[in-house]
Amino acid sequence: MNKDNLFYEDSEVLINSSKISEKREISKNISITKIDLTKEEGIKINRPKGLYTTIFYNNDAVKDEIEKLIELTTNSIKESLEYLKINKKNKILFAGIGNKNLSVDKLGYLLIDKIVVSGNTHKIYKDIKAFTNIETTDFIKSLVKSLGIDLVIVVDSLKAENIERLGTTIQISTAGLKPLKNKEISKKTVSAKVISIGVPTIIDMKSLSKDNPSILVTTDKVDEIVENNSSILSIAINRLF
């Protein structure tokens, strides 16, 4: 399963040492980190320039603050739209990707099902290449061309190194997705601006200990994680569009 890594973990070296980062405590159970990554800083961690927003929350306690979390998510997506100079006049494609048959990989499928589209917005779910024999990036690029899309909002599950990130993290990025082996989904590859939204659902055992085999694992609450996060994200998106 080829997944993009959680940006926050790749960038932790920049968090406390750089002027490009901002961290705010929204409440006892919710916080947010924003990094406006420059090209120069990006070279240090092998990431493209862009606005990277990471929302953290206490999954066990956030139920009492769910509206606050949704509002924060809504505003964070809005800031990414403003960063890319996108408004309601632009044509937008919501693209959920993954494998709807696997709990760890069905975030995109669940979210797309809950998004309401009309006017200049469109939505599509793209299953993995093994089922379709169609490269996801090429598929999205063809839709961008045929529909005249200005922005693709792509949704996928992510990989983390810290098990505590599972079910507690939402990532929003204007730099697109960069899986380890598959083609990246970015402005360079699909010919439209890209915002990626992801939630970590798996970790690599290697990240816990160098003696562990390279096996992807998840939590027994993964179904709850993807269902809850797809609802949070869909409400936020539907409020904006």
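Screening THR169, THR174, THR201 for residues that are surrounded by 17 or more Cβ atoms within 10 Å (Cβ to Cβ), touching a strand residue (DSSP E or B) at 6+ places or on another chain (Cβ under 6 Å) and modelled with pLDDT of 95 or more leaves exactly one candidate, THR174. For segment 1-42, the set of residues classified as modelled with pLDDT of 80 or more, surrounded by fewer than 19 Cβ atoms within 10 Å (Cβ to Cβ) and not in a strand (DSSP E or B) consists of ILE26, SER27, LYS28, THR38, LYS39, GLU40, listed by residue number. If you check SER207, SER157 for being crowded, with 23+ Cβ neighbours inside 10 Å, at pLDDT below 95 and touching a strand residue (DSSP E or B) at 6+ places or on another chain (Cβ under 9 Å), only one passes: SER157. Consider segment 55-64 and keep the residues that are in contact with a strand residue (DSSP E or B) (Cβ under 6 Å, 6 or more places away or on another chain) and surrounded by fewer than 23 Cβ atoms within 10 Å (Cβ to Cβ). The one that is nearest to VAL190 (Cα to Cα) is ILE55. For segment 73-105, filtering for residues that are out of contact with any Phe, Trp or Tyr (no Cβ under 9 Å at 6 or more places or on another chain) and modelled with pLDDT of 95 or more leaves 17. Taking into account only those residues within segment 177-189 that are farther than 14 Å from LEU37 by Cβ and of a type in the set (Lys, Arg), which is modelled with the lowest pLDDT? By that ranking, first place goes to LYS181.
The values are calculated or read from the model by the stated rules, or taken from the named source; none is laboratory data. Note that the coordinates shown come from a computational prediction; the quantities given were computed from them, not determined experimentally. Reconstructed Cβ throughout: ideal geometry from the backbone, glycine too, with neighbour counts over all protein chains shown.
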